[in-house]
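All remarks here apply to the structure that follows.
The values are calculated or read from the model by the stated rules, or taken from the named source; none is laboratory data. Note that the coordinates shown come from a computational prediction; the quantities given were computed from them, not determined experimentally. So basically every Cβ, Gly included, is an ideal-geometry build from the backbone, and we count neighbours across all protein chains shown.
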Amino acid sequence: MDQTREIHNKENMLQAIFRAAPVGIGVIKDKVLTYINPMVTAISGYTKEELVGQSSRKLYQNDAEFYFATDETDRQIRRFQSSTIETKWLRKDGTQVDILYTATPLEPENLDNGITFSAHDITQKKEIQEQLEKTREQLLHSEKLSAVGRLSASIAHEFNNPLYGIMNVLSGIQKRSPLSEEDNELANLALKECNRIKFLISELQQFNRPSSGVREYFDIHQAMDEILLFHKKEFENKKIRVKKAYGSDVPKIWAVQDQIKQVLVNLFNNAGDAMPAEGGMMTISTDFEEDSVYITVKDDGNGILPKNMGKIFEPFFTTKPAVKGTGLGLPVSFGIIKSHGGSITVESSPDHGSTFTITLPVEMRH
């Protein structure tokens, strides 16, 4: 009698542990769920009655995912006597959860008698890991920009003096010496290339240049309209149509106006350069939400190849011809927006255009 009571007590204890376990636990036989604890229902959103007696396929998005998880589990159990994989379950509401799934056979030598499994919801953990990885990449990118900034400032300083010397000599030769038409053309070409170098140096200096002005409140819509007016003729020639979708409640922003304008010029130029020969549409929209202003520049141009998406904010990376792009516009823009406490992101795919979104915090007047 005492032995029977002891067995009964142990069964009750095991049942209590089974029910209170912080992970999903169950038994599967012939791919059918025969037993589950409350945590399986909490993770999946199904009731016990909706799962027990049903194929475990019900917990997966499609057959491919189900059979991959099942086959991989069986393979590992046959080799190691247990299996641990990461998979995804489909909740009753249609959302997916990341699952760390561990399975062991009820009888080590006979998988046909079923397996017991534990399922740990690691969705939040995966999200935190992804956010940490994203933050790490942003920090590495910021460090890279900082290093390039210090180097470029030094290079720009060293290049400026000899460059201006060369330009002065070439100009002096043109003024003082009668040159043949061919020599004068060569001198003009050399001066033109010197001016290109001068422009590149000015772009380099943007990396390490202190703020060129004082922050002020200004109307971002007015600033964009001024830039668009400047580009009007160029866009007309390229058959580029501009659609404006400005938010009605967007407040003035607190920023260095010329720097924000420089970012917008870079984005507008990039959108224009991405358009095909027959032209296209550039859509500029703004919005205000939760103390942030959002500026979106969307084009229906060539888009960005997946292999280049991670490089577009790197200094000197460009997909434009050498005569059109220095590879500094987006890195400089990234640095400017970051210095204002904001962010700049991009979504793109080949032949489907690109969408750049600037987020700037709003500092309200006190």
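Can you spot a residue in region 78-90 that is of a type in the set (S, T, N, Q), assigned to a helix (DSSP H, G or I), within 34 Å of the chain's Cα centre (by Cα) and closer than 22 Å to residue 18 by Cβ? Let's see the steps before the verdict.
Pass one, region 78-90, residues of a type in the set (S, T, N, Q): 81-84, 87.
Now drop any that are not assigned to a helix (DSSP H, G or I), which leaves none.
Checked against the condition, which is being of a type in the set (S, T, N, Q), assigned to a helix (DSSP H, G or I), within 34 Å of the chain's Cα centre (by Cα) and closer than 22 Å to residue 18 by Cβ, region 78-90 yields no hits at all.
Quick one: in region 38-69, of everything that is of a type in the set (Ser, Thr, Tyr), touching a Phe, Trp or Tyr at 6+ places or on another chain (Cβ under 9 Å) and surrounded by 16 or more Cβ atoms within 10 Å (Cβ to Cβ), which residue is farthest from residue 121 (Cα to Cα)?
Among residues in region 38-69 that are of a type in the set (Ser, Thr, Tyr), touching a Phe, Trp or Tyr at 6+ places or on another chain (Cβ under 9 Å) and surrounded by 16 or more Cβ atoms within 10 Å (Cβ to Cβ), the one farthest from residue 121 (Cα to Cα) is 56.
Looking only at region 34-49, how many residues end up being closer than 10 Å to residue 92 by Cα and among the acidic types (Asp, Glu)?
Qualifying residue count for the region: 0.
Picking from 339, 285, which residue would you name as being modelled with pLDDT of 75 or more, of a type in the set (Ser, Thr, Tyr) and more than 19 Å from the chain's Cα centre (by Cα)? Step through it out loud before you land on a result.
Numbers: 339 fails: more than 19 Å from the chain's Cα centre (by Cα).
When all the criteria are applied, what remains is 285.
For the subset of region 108-121 comprising residues that are touching a strand residue (DSSP E or B) at 6+ places or on another chain (Cβ under 7 Å) and closer than 11 Å to residue 77 by Cα, which member is surrounded by the fewest Cβ atoms within 10 Å (Cβ to Cβ)? Before you say what the answer is, go through the steps one by one.
Step one: of region 108-121, the residues touching a strand residue (DSSP E or B) at 6+ places or on another chain (Cβ under 7 Å) are 111, 113-121.
If we keep only those that are closer than 11 Å to residue 77 by Cα too, we end up with 111, 115.
Working: 111: 16, 115: 19.
For region 108-121, the residue satisfying everything is 111.
Is there any pair linking a residue in region 209-229 that is under 27 Å from residue 245 (Cβ atoms) to one that is among the charged types (D, E, K, R) and modelled with pLDDT of 85 or more, with Cβ under 7 Å and at least six apart or on different chains, and which?
Correct list of pairs: 217/252; 218/252; 219/252; 223/261; 227/261.
Counting only residues that are in contact with a strand residue (DSSP E or B) (Cβ under 8 Å, 6 or more places away or on another chain) and of a type in the set (S, T, N, Q), how many does region 226-269 have?
1
Scanning region 7-37 for residues that are of a type in the set (Lys, Arg) and modelled with pLDDT of 90 or more, which turns out nearest to residue 122 (Cα to Cα)? Before you say what the answer is, go through the steps one by one.
Quick first cut of region 7-37, residues of a type in the set (Lys, Arg) only: 10, 19, 29, 31.
From what's left, modelled with pLDDT of 90 or more: 29, 31.
On the way: 29: 25, 31: 23 Å.
This residue is 31.
Going by the conditions given, is residue 58 more than 14 Å from residue 27 (Cα to Cα) and outside any helix (DSSP H, G or I)? Step through it out loud before you land on a result.
Details: more than 14 Å from residue 27 (Cα to Cα): yes; outside any helix (DSSP H, G or I): no.
No; evaluated as a whole, the condition is false for this residue.
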